[in-house]
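Quick notes on the structure that follows.
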Amino acid sequence: MSFLTPESKKVEEPAAEIASGARLIPRITIQAFCEHSQTAQLVESAIHDRRMSKVALTTHNGGIDGAVETYKSNPTPNLIIVETTLSPDQIPGSLEKLAEVCDASTRVVVLGHVNDVLLYRELIRSGISEYIVLPATAAQIVSAITDLFASENSAPIGRTVGFVSAKGGAGGSTVAHNVSWAIATALRQDCLILDMDLAFGTAGLNFNQDPPHGLADAVNGNQKLDQTMLDRLMSKAANHINLLTAPVTLDRTYDFEEREFEQILELCQNTMPVVVLDIPHAWNAWIRQTLATIDEVVIVAEPDLANLRNAKNLADTIKALRPTESAPLLVLNKTGVPRRPEINAAEFASSVECELLGQIPFEAALFGTAANNGQMIAEVSANHKINEVYRAIGMHVTGRQAAHSGGKSSSLMKLPSFLKKRA
């Protein structure tokens with residue numbers, strides 16, 4: 001008889017490993033003294049890396065001698081980068097002169113032209129933070145700075161993924177929420193959704209939640225926001241899913257400074273392995289800054305001309321904002337609407353010049369039921385093929401595996417020539 005046999009407790013499988021987010025370099029001042037213009041250009045190009053978004057960097061001529069003259073009468077920054085063309089036996093003596101005019105807390109990175117292990121060991125032993133052999137890349141310089149100013153023992157930080165619609169109503173929020181559900185259920189990773197559309201956000205509705213606090217409280221308390229306060233403002237929507245919802249009130253306007261969300265995002269990354277940003281369809285300073293500094297950007301679009309134009313503009317701008325990072329990704333939503341001419345998915349992705357992660361077919365009854373009930377698609381129909389698309393997108397943005405566009409779409413419309421010609 002069953003009641004004589006004790007039921008074994010259901011134990012949840014451990015969370016799957018995912019790629020962690022990039023750690024931003026703290027707010028420091030760097031001054032570089034270069035002997036060649038090419039080296040100065042190399043150092044200046046490093047500032048375009050999003051890990052350097054908080055850094056104040058200036059370059060000067062003169063190498064080590066120029067640095068010594070400068071700091072005889074000026075305070076030293078957090079980090080000095082100096083280029084030298086001296087021979088290995090002359091470099092240590094020249095750096096000793098620099099040490100005499102530097103503060104004890106200042107770190108020094110040397111860019112040299114001699115690949116000598118003995119020289120490297122001697123410089124590190126004498127207190128130099130790093131020696132980089134030229135020619136080098138901007139990524140090498142940024143990685144060296146990151147290693148110096150990020151704690152070696154600090155825990156991995158959460159991966160930030162932003163979803164933005166190419167056009168109002170394209171479904172960026174719906175995709176963001178369902179992908180978060182897929183990450184939480186398939187990978188068993190804790191997910192935090194930030195509903196950044198404070199006036200008209202739908203995260204609360206989609207998860208059938210009406211918490212008393214949310215993202216607006218975190219923004220308003222930016223100066224005193226800490227981990228404890230953030231935990232108190234978050235609401236739990238489901239297993240492994242947490243929300244910072246929008247207030248969705250129009251009694252005030254929501255105008256933010258460019259870096260208003262910076263501290264909030266950093267705290268969220270320290271709290272959750274995956275942070276999903278539901279970014280509103282708008283264009284202002286803080287949205288631009290947010291798109292430039294997160295790990296992955298996913299553009300959600302419908303297969304029509306207006307979405308194509310906007311997606312192309314978004315993709316080009318995001319690539320220019322983060323030239324050293326991965327290009328934005330593309331998801332086509334509401335494909336296969338009856339009797340609507342649509343742009344072929346492959347042509348759409350080719351014109352936008354983004355990788356197509358997936359196509360989500362138009363299913364009015366399914367999505368309407370989910371929206372009205374405050375449920376995810378997987379809750380309404382667990383075995384529906386659309387869940388596989390969301391799961392594939394979730395796998396890709398968390399660094400687990402590549403997504404596949406899937407599905408078929410017929411070419412019912414030719415692309416305008418001006419979009420084909422754009423680089």
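The values are calculated or read from the model by the stated rules, or taken from the named source; none is laboratory data. As the structure is a prediction and not an experimental result, all values here were calculated from the model. Cβ placement follows ideal geometry from the backbone for every residue including glycine, while neighbour counts extend to all protein chains displayed. Note: accessible area is taken over every heavy atom of the protein model, side chains too, but ligands, DNA and RNA are not part of it. Shrake-Rupley method; radii C 1.70, N 1.55, O 1.52, S 1.80 Å.
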- [ ] Any chance you could count how many residues in segment 183-201 are open to solvent by 10 Å² or more (accessible area, probe 1.4 Å) and not in a loop (DSSP other than H, G, I, E, B)?
- [x] 2
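Touching a residue at least 12 places away in the same chain (Cβ under 8 Å) and within 30 Å of Val114 (Cβ to Cβ): which single residue out of Ala218, Ala144, Ala176 fits that description? Spell out how you get there, then give the answer.
Working: Ala218 fails: within 30 Å of Val114 (Cβ to Cβ); Ala176 fails: within 30 Å of Val114 (Cβ to Cβ).
Of the residues listed, the single one that is touching a residue at least 12 places away in the same chain (Cβ under 8 Å) and within 30 Å of Val114 (Cβ to Cβ) is Ala144.
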TODO: For segment 338-371, enumerate the residues that are open to solvent by 10 Å² or more (accessible area, probe 1.4 Å), in contact with a helix residue (DSSP H, G or I) (Cβ under 9 Å, 6 or more places away or on another chain) and aliphatic (A, V, I, L, M).
DONE: Leu356, Leu366, Ala371
Task: Filtered residues of segment 56-95 (kept if of a type in the set (D, E, K, R) and open to solvent by less than 10 Å² (accessible area, probe 1.4 Å)) - done: Glu83
Task: Odd one out for Arg259 among (1) modelled with pLDDT of 90 or more; (2) over 13 Å from the mean Cα position of the chain (by Cα) - done: (1)
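Quick check on segment 247-258: of everything there that is in contact with a helix residue (DSSP H, G or I) (Cβ under 6 Å, 6 or more places away or on another chain) and either closer than 16 Å to Ile193 by Cα or of a type outside the set (A, V, I, L, M, F, W, C) (or both), which residue is surrounded by the most Cβ atoms within 10 Å (Cβ to Cβ)? Spell out the reasoning first.
Let us first name the residues in segment 247-258 that are in contact with a helix residue (DSSP H, G or I) (Cβ under 6 Å, 6 or more places away or on another chain), namely 247, 256, 258.
Subset that is either closer than 16 Å to Ile193 by Cα or of a type outside the set (A, V, I, L, M, F, W, C) (or both): 247, 258.
Working: Pro247: 19, Glu258: 13.
Ranking the qualifying residues of segment 247-258, first place goes to Pro247.
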Task: Checking Asp295 against (1) surrounded by fewer than 20 Cβ atoms within 10 Å (Cβ to Cβ); (2) at pLDDT below 95; (3) not hydrophobic (A, V, I, L, M, F, W, C), the condition it does not meet - done: (1)
TODO: Write out, first by first residue and then by second, each pair whose Cβ atoms fall under 9 Å of each other, whose residues are 6+ apart or on separate chains, and whose first residue, in segment 23-45, is open to solvent by 20 Å² or more (accessible area, probe 1.4 Å) while the second is among the charged types (D, E, K, R) and at pLDDT 90 or above.
DONE: Glu35/Glu83; His36/Glu83
Open item on the list: Within segment 244-362, considering only strands (runs of 3 or more DSSP E) that don't extend past its boundaries, which have at least 2 residues that are under 26 Å from Pro26 (Cβ atoms)?
Closed with: 274-279, 296-301
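Yes or no: segment 327-336 includes at least one residue that is within 13 Å of the chain's Cα centre (by Cα) and open to solvent by 30 Å² or more (accessible area, probe 1.4 Å).
Start the filter on segment 327-336 by keeping residues that are within 13 Å of the chain's Cα centre (by Cα), which leaves 327-329.
Okay, now just the ones that are also open to solvent by 30 Å² or more (accessible area, probe 1.4 Å), so 327.
Yes.
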- [ ] For segment 224-241, state whether one or more residues are within 23 Å of Trp283 (Cβ to Cβ), out of contact with any Leu (no Cβ under 6 Å at 6 or more places or on another chain) and outside any helix (DSSP H, G or I).
- [x] no
- [ ] Output the number of residues of segment 380-393 satisfying the condition of being in contact with a helix residue (DSSP H, G or I) (Cβ under 7 Å, 6 or more places away or on another chain) and assigned to a helix (DSSP H, G or I).
- [x] 6
Task: Single residue of segment 114-147 satisfying the filter (under 30 Å from the mean Cα position of the chain (by Cα) and charged (D, E, K, R)) that is most open to solvent (accessible area, probe 1.4 Å) - done: Asp147
